[in-house]
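Asks: Would you mind keeping the following structure in view while I ask a few things?
The values are calculated or read from the model by the stated rules, or taken from the named source; none is laboratory data. Keep in mind that this is a model prediction, so the values were computed, not measured. All Cβ positions, even for glycine, are placed from backbone atoms using ideal geometry, and neighbour counts span all protein chains on display. Side chains included, ligands, DNA and RNA excluded: accessible areas come from the protein's heavy atoms. Shrake-Rupley method; radii C 1.70, N 1.55, O 1.52, S 1.80 Å.
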Amino acid sequence: MTLAKYPSLSYQLGEPARSRGQAGDKPGGTETQESRTGAAEPRHAEGMEDAGPGTPPPAPPRERFSSTLLLAAVSATLGSTFQYGYNVSVLNTPHQVLKSFFNETYLERYGVPLDEPAMLLLWSCTVSMFPLGGLLGSLLVGPLTDRCGRKGALLINNIFAVVPALLMGVSGVARAYELIIVARVLLGICAGTGYNILPMYLGELAPQDLRGMLGTMTEISAIVGVLLAQILSLQAILGNATGWPVLLAVTGVPALLQLLSLPFFPESPRYTLIQKGDEEAARRALRRLRRGGDPEAELRGMRTEEQAERAAGPVSLRRLVAQRALRWQLVSVVTLMAGQQLSGINVMVYYTDTIFVSAGVDPTQSQYVTVGTGVVTLVMTIISAFTIERLGRRLLLLSGYSTCCCACLGLTLTLLFQSTVPELSYLAIICVLVYIMGHAIGPSPVPSVVRTELFLQSWRPAAFTVDGVVHWLTNFVVGLVFPSMQAGIGAYCFIIFAGLCALTASYIYMIVPETKGKSFVEINRIFAKRNGVEIPEEKGGVAGLGPHPPTTLTETAL
């Protein structure tokens with residue numbers, strides 16, 4: 001078999017594999033020129049024997065955050081996943097205030113108040129317009145990132161935060177609840193675009209040893225947005241009849257901060273070299289992003305990947321879906337993103353106050369319990385960020401979904417029997433907190449890391465379009481259906497979420513490999529076996545590229 005038969009495989013396996021703590025050489029164990037001169041750390045592909053007799057060389061030192069890398073990550077999160085977290089949660093606590101505004105406005109226009117079914121439908125639409133906009137925004141990811149770059153796309157995306165902030169800020173004075181609904185669609189576009197571009201940008205900025213930790217910043221910034229919304233929406237601050245327009249308009253502030261700060265940080269070096277062909281700009285970006293070291297080793301990997309991409313031909317969403325070599329990667333991303341939403345996390349975020357009131361908590365105190373859940377979520381997500389490179393992705397995902405499954409079952413039982421045993425209302429709160437802890441340790445932050453790792457450079461925008469559509473479509477369905485489902489079957493709805501958590505965990509256990517410490521090419525080599533795609537022997541260069549200078553085995557495209 002030749003790579004010409006599977007052109008995408010030459011791309012998928014075109015990046016040099018790197019694995020910490022292993023030596024790399026040509027077949028037969030001959031030392032390379034790079035390893036003799038010290039220009040590159042000797043490494044080899046996963047599964048190969050150590051070069052030469054004796055003990056393998058010590059592992060290279062782990063990368064540490066440079067100030068430029070850390071500040072670039074913080075700036076990038078402001079206008080993307082922060083917006084997602086803030087606007088998912090901001091309607092939770094002041095929902096009664098906003099419903100009163102809707103009802104008063106309707107009464108002023110038509111002389112009659114909204115009846116209960118009409119109010120339920122209008123509120124469900126207001127909530128669900130956000131994920132609908134997210135679905136639309138996810139469709140913009142591919143065109144924006146390919147034409148404008150990762151950083152450029154993030155900057156353009158802020159338009160969809162500033163404009164709706166203005167609309168919501170004047171909606172109270174204009175007595176137009178329609179402005180809130182339209183603004184929620186635009187904010188959804190902002191969040192849908194940013195939620196998919198940010199992990200792409202961070203994953204391409206980060207060195208291999210920090211990829212997991214930096215990737216979790218996607219979720220950390222979302223949780224910070226949730227927590228800030230919960231605090232500002234307290235009745236004593238802005239969650240009241242006079243403060244809610246300001247509460248909704250605050251979403252424009254982080255967008256302005258990103259517009260002022262992100263232009264001073266570099267574009268993704270991989271995008272700059274592979275898709276724009278500007279090697280010198282990529283070298284400058286790597287020097288700024290890395291604390292010491294030589295960027296040439298990373299540039300060599302990018303050049304090899306660039307050559308393989310030319311052999312693979314043009315990338316499109318249709319080719320992504322049709323490629324046998326990418327089948328299980330795509331199914332895995334769809335499962336991870338659908339499972340993340342269908343497990344019920346946004347139900348807990350959207351309707352935490354309602355759940356707590358149903359559990360017997362005083363309505364005036366439920367808002368403070370909601371803030372407590374935000375603090376718990378942030379703490380657990382930070383713990384996940386610092387343990388993901390030690391414990392691995394699979395362990396965090398499996399333990400998280402198992403915890404969520406048990407918590408949903410416990411919540412169902414407590415809500416069913418709390419009328420006869422009032423003390424069970426406190427157990428219901430504990431079940432919600434346990435659920436949030438379980439989700440924050442794995443199902444919330446880890447998929448953002450894994451979905452970046454399953455695909456290489458040019459396939460990433462198309463893959464993120466697919467997973468973005470799945471993420472926001474399931475988010476939309478849950479937000480629209482849950483109020484009616486809760487009214488129809490009550491506490492039994494959480495059994496459905498428990499079953500979906502169990503199904504997602506089963507898929508991860510059977511299919512998704514551990515990606516900790518593996519290069520992109522090593523991960524794709526694992527999936528190549530699962531996809532039933534034969535990997536040719538390492539005998540030279542990438543098929544279709546013609547001869548090229550001798551390289552180490554790790555630099556040979558498989």
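Asks: Relative to a virtual label point 7 Å from the Cα of R109 in the Cα→beta-carbon direction, which members of region 156-196 show backbone nitrogen distances below 12 Å?
Replies: 175-182, by backbone N distance to the label point.
Asks: Spelling out what I want: for every residue of region 215-221, take phi, set θ = phi - 60°, compute 6.51 cos²θ - 1.76 cosθ + 1.60 (Karplus), and round to whole Hz; glycine and proline get x.
Replies: In residue order, the calculated couplings are x, 6, 5, 4, 7, 4, 5 Hz.
Asks: Which loop-located trypsin sites (Lys or Arg not before Pro) does region 121-202 contain, where loop means any DSSP state but H, G, I, E or B and the Cβ has at most 16 other Cβ atoms within 10 Å? Can you show the working numbers first?
Replies: On the way: sites: R147, R150, K151, R175, R184; in loops: R175.
Those satisfying the criteria are R175.
Asks: Mind checking the per residue accessible area of region 160-242 for me, 1.4 Å probe, whole number of Å²? Walk me through the numbers on the way to the answer.
Replies: Values: 2270 Å² over 83 residues.
Here the per-residue accessible area is 27 Å².
Asks: Give me the 1.4 Å probe accessible area per residue for region 422-506, excluding ligands and nucleic acids, in Å². Mind showing how you got there, number by number?
Replies: On the way: 2500 Å² over 85 residues.
Value for region 422-506: 29 Å² per residue.
Asks: Using the scaling law 2.2 N^0.38 Å as the reference, what is the normalised Cα Rg of region 356-514? Don't jump to the answer; show the numbers that get you there.
Replies: On the way: Rg = 17.3 Å, N = 159, 2.2 N^0.38 = 15.1 Å.
Taking the Cα Rg and dividing by 2.2 N^0.38 Å, one obtains 1.15.
Asks: Could I have the simple spin-label model distance between C125 and S67, label points 7 Å from Cα toward Cβ, reported in nm to one decimal?
Replies: In this crude label model, C125 to S67 measures out at 5.2 nm.
Asks: Label points 7 Å out from Cα along the Cβ direction at R147 and R287: separation in nm?
Replies: 3.3 nm
Asks: Leaving ligands, DNA and RNA out of it, rank V434, V478 by accessible area with a 1.4 Å probe, largest first. Could the numbers behind the result be given before it?
Replies: Working: V434 55, V478 15 Å².
Per-residue accessible area, sorted high to low, gives V434, V478.
Asks: Taking 0.36 nm per intervening residue step and subtracting the Cα-Cα distance, what contour gain separates E296 from V321 on full extension?
Replies: On the way: separation 25, 0.36 × 25 = 9.00 nm, distance 3.41 nm.
In short, 5.6 nm is gained.
Asks: Let me ask something additional. Which of the peptides 123-135, 77-89 is most tightly packed, and how do the rest follow, judged by the mean count of other Cβ atoms within 10 Å per residue?
Replies: Details: 123-135: 22.3, 77-89: 28.2.
Per-residue Cβ counts within 10 Å, averaged per peptide and sorted highest first, yield 77-89, 123-135.
Asks: Any idea how far the Cα center of region 441-487 sits from the one of region 242-268, in Å?
Replies: 24 Å
Asks: Also: For region 93-178, what is the per residue volume of the convex hull drawn over the alpha-carbon atoms, in cubic angstrom? Spell out each step's value before the answer.
Replies: On the way: hull volume 9.6 nm³, N = 86.
Looking at region 93-178, the number lands at 111 Å³ per residue.
Asks: Moving on. Could you put S448, S458 in order of accessible surface area, largest first, with the 1.4 Å probe and the full protein assembly present? The partial results should precede the final answer.
Replies: Numbers: S448 0, S458 25 Å².
My answer, sorted largest first, is S458, S448.
Asks: Rounded, prolate or oblate for region 195-310? Axes are the square roots of the Cα gyration tensor eigenvalues, ordered a ≥ b ≥ c, and the cut-off for rounded is a/c under 1.5. Working shown, then result.
Replies: On the way: a/c = 3.22, a/b = 2.79, b/c = 1.15.
Taking the square roots of the gyration eigenvalues as a ≥ b ≥ c, region 195-310 is prolate.
Asks: To the nearest 0.05, what FRET efficiency results for L391 and S506 with a Förster distance of 22 Å applied to their C-beta separation? Intermediate results must be reported in sequence, preceding the final value.
Replies: Details: r = 20 Å, r/R0 = 0.91.
The formula returns an efficiency of 0.65 here.
Asks: How many percent of all Cα-Cα pairs in region 232-273 sit more than 15 Å apart? Don't jump to the answer; show the numbers that get you there.
Replies: Working: 515 of 861 pairs.
When every Cα pair of region 232-273 is considered, 60 percent fall beyond 15 Å.
Asks: Additional query: Applying the Karplus parametrisation 6.51 cos²θ - 1.76 cosθ + 1.60 with θ = phi - 60° to the phi angles of region 144-150, what ³J(HN,Hα) value in whole Hz is obtained for each residue in order, glycine and proline being reported as x?
Replies: 5, 6, 6, 8, 10, x, 5
Asks: Let me ask something else. Over region 211-302, calculate the relative contact order: mean separation of alpha carbon pairs under 8 Å at least 6 apart, over the residue count, as a percent. Write down the numbers at each step before the final one.
Replies: Values: 41 pairs, mean separation 12.0, N = 92.
For region 211-302, the relative contact order is 13 percent.
Asks: With θ taken as phi - 60° and the coefficients 6.51, -1.76 and 1.60, list the Karplus ³J(HN,Hα) couplings across region 486-498 in order, rounded to whole Hz; mark glycine and proline as x.
Replies: Result, rounded to whole Hz: 5, 5, x, 10, x, 5, 5, 4, 6, 5, 4, 5, 4.
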